[in-house]
Every structure is written in C-alpha cells, then in structure tokens.
Amino acid sequence: MDKWKCQKCGACCSVAGSIIPLWDRGDGYCKYLTKDNLCSIYKDRPDICRVDKSKITDEQLIIACNGLRELRKRREFNENFKPDLEYSKG
C-alpha cells in the first residue's frame, strides 16, 4: 500500500469555505489558501485542518484526497457547481 504524503495541491482547501463559511473567500475556497496552494496560517491552523495519523489510515487519506481533487475539477469546469457536503446521519 502507498503511504500518503501531502501533495500541497490545495484540494482540501477547495471545499473549506463550504464547510466553514467564515473562511470562504467567495468561491468556496479557504481564504487562507495562498496562490502557491499553501496555508497562510499553517502553524496556527485549527484542528479541522490537521491530519491526525493515529485516527486515519494512509488508504483513507488517499481516497479523501482523490475525492477532493475531483470536486475541485468539477467546480473549475462549472463555476456554479456546489458540492453537497451533507452526510447521512445513519
């Protein structure tokens, strides 16, 4: 199995504004995402932006990152695309 390593692609930050409206820069992206796909508040970023490797596997991280990249591609193709981030509370 591959080991997960952050690619600094900004995909996770591409939905952060949808999750935390206060951080939305107006297009669903986090307002702290720089042009270089880095976090301008990285050292002081909140817990939701941190990866706790004791609670998530490399495989889960790879799947999540791939899904977020796909959401970002859809948004870039269709500017009116809004991800449905609601989940079933089974």
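Rule-based calculations on the coordinates, nothing more; no lab input. What you are looking at is a predicted structure, and each value in this text was computed from that prediction instead of being measured. Quick reminder, even Gly has a Cβ in these numbers, built from the backbone with ideal geometry, and neighbours come from all protein chains shown.
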List the extent of the Cα atoms of segment 12-77 along each of their three principal axes, largest first, rounded to whole Å.
33, 31, 22
With each label point set 7 Å from Cα along the Cα-Cβ vector, what nm distance links Asp47 and Gln7?
2.9
In whole percent, what relative contact order does segment 12-77 give with Cα contacts below 8 Å and a gap of six or more residues?
26
